[in-house]
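Inspection log for the structure reproduced underneath, given as structure tokens.
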Amino acid sequence: MSSAPAPAAAPSVIARPWVVIKFGGTSVSRRERWENIRRIAAAHRARDRRVVIVVSALSGITDQLKAIAESRGDDARCREVQAAIVERHQAMRAELGLDGCARMEQRLADLDRLIADPRRAQAAVAWQAEVFALGELMSSALGADFLDANGLPTQWLDAREHLRATPIANHSAWARYLSANVPAAPDAQFASALAARGDCFITQGFIARNDQAETVLLGRGGSDTSAGYFGALLKAEQVEIWTDVPGMFSANPRVVPEARLLARLDYEEAQEIATTGAKVLHPRSLGPLRRAGVPLVIKDTHRPQLAGTEIRAVAADAAPCVKAISARKGVTLISMETVGMWQQVGFLADVFEAFKRHGLSVDLIGSAETNVTVSLDPTENLVNSDVLSALAADLARICRVKVIAPCAAITLVGRGMRSLLHKLSGVLAEFGALDVHLISQSSNNLNLTFVVDEALADDLIPRLHALLIRADALRAEDGAVFGPSWRELGADAAAPVRETWWMRERSALLELAAERTPRYVYSLEAVRAQARALRALGAVDRWHYALKANPHPAILRALHEEGFAFECVSTAEIDAVRSALPQLAVERILFTPNFAPREEYAQALAAGVRTTLDALHPLQHWGELFRDREIHLRLDLGVGRGHHDKVKTGGASSKFGLALDQVEEFRTLARRHGARIVGLHAHLGSGILDAGHWRAVYAQLASLAEGFSRIESIDVGGGLGVPSRPDETPLDLAALGAALAEVKSAYPQFHLWLEPGRFLVADAGVLLARVTQVKRKGAVHYVGVDAGMNSLIRPALYEAWHEIVNLTRLGEPAQTMVQVVGPICETGDVLGANRRLPECREGDVILIAQAGAYGAVMASRYNLREPATEDVR
Ligand code: ADP
Ligand code: ASP
Ligand code: MG
């Protein structure tokens with residue numbers, strides 16, 4: 001019978017490739033992440049790709065389901081965990097803005113039913129698989145409804161209808177149900193049948209079905225494997241694993257902050273890194289993709305702009321090099337000593353027969369004349385005490401058995417490991433100092449593994465990683481393979497979370513910069529916000545603004561309106577306050593100079609300004625000036641504090657304050673001239689982030705003050721820190737308030753004064769500059785800007801760290817490591833060293849943040865370059 005040729009599939013069906021995108025537990029646990037998922041999927045759709053989204057359960061849910069799966073008779077625990085699971089999913093549904101989610105409700109009912117199932121008492125593995133599967137069934141149900149409701153029509157797909165597991169010979173029941181395998185190869189029929197149904201699907205990771213139509217699992221972490229299977233079946237253009245780190249690193253980045261991103265890997269190396277412990281990718285996910293020739297990319301759901309790791313067939317670099325160091329914990333070693341004759345024929349066969357009988361697959365093997373030691377990998381085996389004692393009983397018939405656990409297998413991975421041995425002497429010396437149970441070198445020349453006690457691993461890995469870089473075995477400078485370190489990427493990660501005023505006002509700032517640069521711009525709103533936060537602390541009787549930080553008249557006026565008095569260190573500062581605020585009561589000004597000339601004291605006193613002395617000299621030589629005056633005394637409590645030596649203002653090496661051993665002499669001189677000491681003051685330094693500091697200063701000054709007769713106020717100085725680097729924790733204002741209230745209640749007779757400067761204005765100011773030139777010297781990239789150390793001297797003077805962004809390209813991937821430098825003829829004219837910025841071009845606007853304090857006021861005309869001008873918003 002002749003048949004008409006089948007109608008050709010519509011060209012679009014053939015031409016539109018599939019992309020499989022998998023999101024792990026943390027990537028599906030918050031609404032903002034789901035918004036990213038929607039964007040990522042929509043971007044693929046916009047490029048005319050068909051999309052399969054594979055999701056894990058919400059983070060932590062699989063562990064909770066495991067608690068139920070293993071609860072056996074413990075009903076109370078079981079119900080408690082069930083309630084938590086229900087609550088979490090309902091909360092997630094609400095967070096996603098869904099009124100209901102029928103598919104999810106049905107799974108919650110299934111959970112209830114499964115808990116009541118008599119199979120729970122035995123923890124039957126088939127029943128366990130059904131329990132575990134609910135996590136992914138529910139997260140995918142929520143995701144389908146969310147995406148559908150938010151403009152991305154998405155169909156829900158039951159993964160079990162498409163992933164069919166086949167049993168592997170000798171696998172235990174545990175492995176067949178809870179760690180099953182699916183033989184997945186490109187299937188054009190499946191691909192076109194799915195294409196006929198739609199363009200965008202969401203399905204579950206982790207689950208499949210066996211030949212009896214029962215639910216089975218793909219092993220813990222197996223959602224990656226599901227993505228691999230779907231990618232192979234559909235012969236996808238690409239599989240993307242979206243997770244909570246921006247790729248595969250040279251070590252677990254959470255243990256080794258210096259671990260480097262692996263930009264490109266071939267399948268074999270990536271497979272080896274995954275197998276030897278890098279949890280970021282399940283070891284079974286790559287096999288099907290490699291066979292089908294599908295590339296895999298690992299990316300960060302929270303930071304989609306980062307490039308991630310690309311795994312494909314072509315090696316970027318064939319030269320031998322260590323790519324990663326990984327660790328697997330929970331490894332069990334079985335050491336078997338022959339009891340019979342040396343090299344007894346068939347001994348190994350007998351030993352391995354026992355492992356086979358118990359369904360255990362062996363990982364590493366070490367052998368000696370009379371001993372064989374093997375390791376069992378917990379991810380591939382059910383290694384519990386029942387299984388181990390049954391195995392040991394069997395083995396005892398042929399050998400002496402010793403079980404060594406828990407161990408960690410630490411592995412160096414890289415192509416051509418044997419030719420690298422000469423570079424590993426440092427690493428070997430580290431292991432030499434430890435009790436190494438087993439060393440194994442893989443026959444594919446890709447790894448070298450050391451098994452040690454588990455407790456040693458966490459300390460050892462960062463040390464080994466550093467040694468590998470130092471020995472040039474891990475060639476971190478090779479940009480074709482290695483990207484930035486986790487620490488460097490972390491700096492980028494923290495920045496966007498904190499939304500600053502200048503991010504919100506970006507376009508206005510760009511307009512200002514288009515008129516003229518360099519220029520400082522201050523936000524009065526930001527100044528006021530800081531002022532209000534401080535004024536909310538009840539224990540302080542009077543706040544002074546230390547105006548040396550920024551005496552801009554608009555800032556002085558704003559702070560006056562916020563209830564601040566002023567602390568000046570020169571008569572010019574007093575004049576600045578009085579001209580900005582002509583109505584200001586003069587007693588609202590505190591004058592605290594240091595080594596100022598006689599005339600300045602005379603002027604201040606004549607104007608009725610409160611004046612602080614911090615040396616004997618004025619009373620010894622100009623005593624008449626102070627006759628019948630009230631004066632304040634600044635003391636040196638003997639220590640300095642602060643973010644840099646140059647800002648510490650206590651101790652003998654600092655020029656400020658009267659030494660405590662001169663207090664008596666000072667009092668005698670004051671009495672002689674009829675001057676009354678009404679206030680004590682100490683200021684130990686700047687950039688203090690510890691809330692307890694000012695309590696300690698108050699307590700010290702207050703106890704000293706009790707020895708005087710007329711002290712009214714205690715001024716504990718300023719120095720309230722503002723974090724600059726993303727990893728610094730801000731000053732805890734609530735804790736500061738509590739600490740001050742506590743000490744104030746111990747000495748209620750004194751007024752408590754504080755005098756912050758930088759805290760009020762640092763974040764309120766930015767310096768805008770423009771890129772003048774870019775330059776590369778060897779591996780070092782320079783970005784030159786038109787603001788130099790003559791506009792902002794803090795980096796050169798205090799090694800201060802200021803956040804620097806390319807405002808023109810804000811949000812673009814920041815991949816290039818650069819030195820941001822100014823135009824001044826000084827090697828120290830560096831505004832920021834080793835910063836990651838997007839590719840900068842001449843004319844781009846660069847923003848230097850946190851420049852509101854000690855910026856413009858410290859500027860100079862060095863090189864006869866005019867410093868940045870100032871504007872207020
Ligand atoms: P998901 O839930 O998205 O599947 P996983 O927790 O399974 O995420 O995997 C990501 C985690 O893998 C990272 O948070 C990291 O702690 C860990 N990890 C271990 N080794 C590595 C490595 N070499 N590179 C990257 N991540 C690693
Ligand atoms: N939810 C499963 C687990 O936690 C599978 C996965 O997330 O990859 O193991
Ligand atoms: Mg995972």
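The values are calculated or read from the model by the stated rules, or taken from the named source; none is laboratory data. In this text the structure is predicted, and so the values were computed from the model without any measurement. Heads up, the Cβs are rebuilt from the backbone with ideal geometry, glycines too, and the neighbour counts pull from every protein chain shown. With ligands, DNA and RNA removed, areas are computed over all heavy atoms of the protein, side chains included. Shrake-Rupley method; radii C 1.70, N 1.55, O 1.52, S 1.80 Å.
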Check your understanding: How much of the accessible area of the range 328-478, probe 1.4 Å, is carbon plus sulfur, in whole percent?
Key -> 54 percent
Practice item. Please work out the FRET efficiency for the pair D459 and E826, using the Cβ-Cβ distance as r and a Förster radius of 30 Å; give the result to the nearest 0.05. Key: 0.10
Practice item. Pop a pseudo-label 7 angstrom from the Cα along the beta-carbon direction at both D99 and D478 and give the gap in nm to one decimal. Key: 5.9 nm
Revision key, fill the gap. Helix 733-746: inclination vs the chain longest Cα principal axis, degrees, rounded to 10, gives 50 degrees
Check your understanding: What percentage of the solvent-accessible surface of the range 659-735, computed with a 1.4 Å probe over protein heavy atoms, is contributed by carbon and sulfur atoms?
Key -> 47 percent
Review point. Can you list the HN-Hα couplings for the range 453-461, worked out from phi with the Karplus curve (6.51, -1.76, 1.60; θ = phi - 60°), rounded to whole Hz and with x for Gly and Pro?
Key: 4, 4, 4, 7, 4, 4, 6, 6, 4
Review point. With every protein chain present, what is the per residue accessible area of the chain (1.4 Å probe, Å²)?
Key: 42 Å²
Point to revise | Rounded FRET efficiency, nearest 0.05, which uses the C-beta distance separating L510 from H781 and R0 of 22 Å | key: 0.40
**Study point:** Accessible surface of M817 - all protein chains present, 1.4 Å probe, nearest 10 Å²
**Key:** 50 Å²
Review point. What does the highest-first list of 108-115, 432-439 look like by mean Cβ count within 10 Å?
Key: 108-115, 432-439
Review point. When only the heavy atoms of the protein chains count and the probe is 1.4 Å, how do K423, K22, K777 rank by accessible area, highest first?
Key: K777, K423, K22
Check your understanding: What FRET efficiency, computed as 1/(1 + (r/R0)^6) with R0 = 60 Å and r the Cβ-Cβ distance, is obtained for K402 and I115, rounded to the nearest 0.05?
Key -> 0.90
Exercise for review: Quote the charge dipole size of the chain about the Cα centre in Debye, to the nearest 20; the model charges only the Cβ of Lys and Arg (+1) and of Asp and Glu (-1).
Suggested key: 980 debye
**Study point:** Model label zone, Q662; criterion: amide N under 11 Å from point 7 Å along Cα-to-beta-carbon; scope the range 692-726
**Key:** none
**Study point:** Sorted peptide list for 505-513, 281-289, criterion being average Cβ within 10 angstrom, highest first
**Key:** 281-289, 505-513
Exercise for review: Using only alpha carbons, build the gyration tensor for the range 129-210 and give me the equivalent ellipsoid semi-axes, biggest first, whole Å.
Suggested key: 27, 18, 6
Review point. Going 7 Å from the Cα of Q122 in the Cα-to-Cβ direction, what parts of the range 374-405 have a backbone nitrogen less than 17 Å from that spot?
Key: none
Review point. Could you state the number of Å between the C-alpha centres of the range 141-203 and the range 788-824?
Key: 49 Å
Review point. Roughly what would the spin-label model give for D48 and R861, points 7 Å off Cα along C-beta, in nm?
Key: 6.4 nm
Practice item. Taking all protein chains together and a probe of 1.4 Å, list R160, R710 from the most accessible to the least accessible. Key: R710, R160
Check your understanding: Given 20 °C and 1.002 mPa s, how large is the Stokes-Einstein diffusion coefficient of the range 248-291 in µm²/s, with Rh as the Kirkwood radius over Cα pairs?
Key -> 199 µm²/s
Revision key, fill the gap. What one gets for the chain as the Kirkwood radius, inverse of mean 1/r over different Cα pairs in Å, is 32.2 Å
Exercise for review: Would you mind calculating the gained length between E35 and E812 on full extension (0.36 nm times residue separation, minus the Cα-Cα distance), in nm to one decimal?
Suggested key: 277.8 nm
Check your understanding: Roughly how large, in nm² to one decimal, is the mean projection of the convex hull of the alpha-carbon atoms in the range 738-788?
Key -> 7.1 nm²
Exercise for review: Of the DSSP beta bridges with both residues in the chain, give the percent that are antiparallel, rounding to the nearest 5.
Suggested key: 50 percent
Check your understanding: How much solvent-accessible surface does E712 expose, in Å² to the nearest 10, with a 1.4 Å probe and all protein chains in place?
Key -> 90 Å²
Exercise for review: Return the distance in nm (one decimal) between the two label points of a simple spin-label model at D74 and N594, each offset 7 Å from Cα along Cα→Cβ.
Suggested key: 6.1 nm
Exercise for review: Can you run the Rg to Rh ratio on the range 588-640? Use alpha carbon positions and the Kirkwood inverse-distance Rh.
Suggested key: 0.96
Point to revise | Separation between Cα centres of the range 549-576 and the range 594-613, rounded to whole Å | key: 17 Å
Practice item. Rank these by accessible area, largest first, 1.4 Å probe: Y747, Y522. Key: Y747, Y522
Review point. Got a sec? Charge dipole of the range 25-144, +1 on Cβ for Lys and Arg, -1 for Asp and Glu; which of I40, F132, A102 is way out at the positive end?
Key: I40
Check your understanding: Dipole of the range 491-642 (Lys/Arg Cβ +1, Asp/Glu Cβ -1, origin at the Cα centre): which of F626, W502, L605 lies farthest to the positive side?
Key -> W502
Practice item. Could you give me the radius of gyration and the Dmax of the range 505-644, taking only the C-alpha atoms into account and expressing both in angstrom? Key: 18.2, 58
Practice item. Could you pull out the GluC sites (Glu not before Pro) across the range 803-873 that fall in loop regions by DSSP (anything but H, G, I, E, B) with no more than 13 other Cβ atoms inside 10 Å? Key: E842
Check your understanding: Considering only protein heavy atoms and a 1.4 Å probe, what is the carbon-and-sulfur percentage of the accessible area of the range 487-620?
Key -> 51 percent
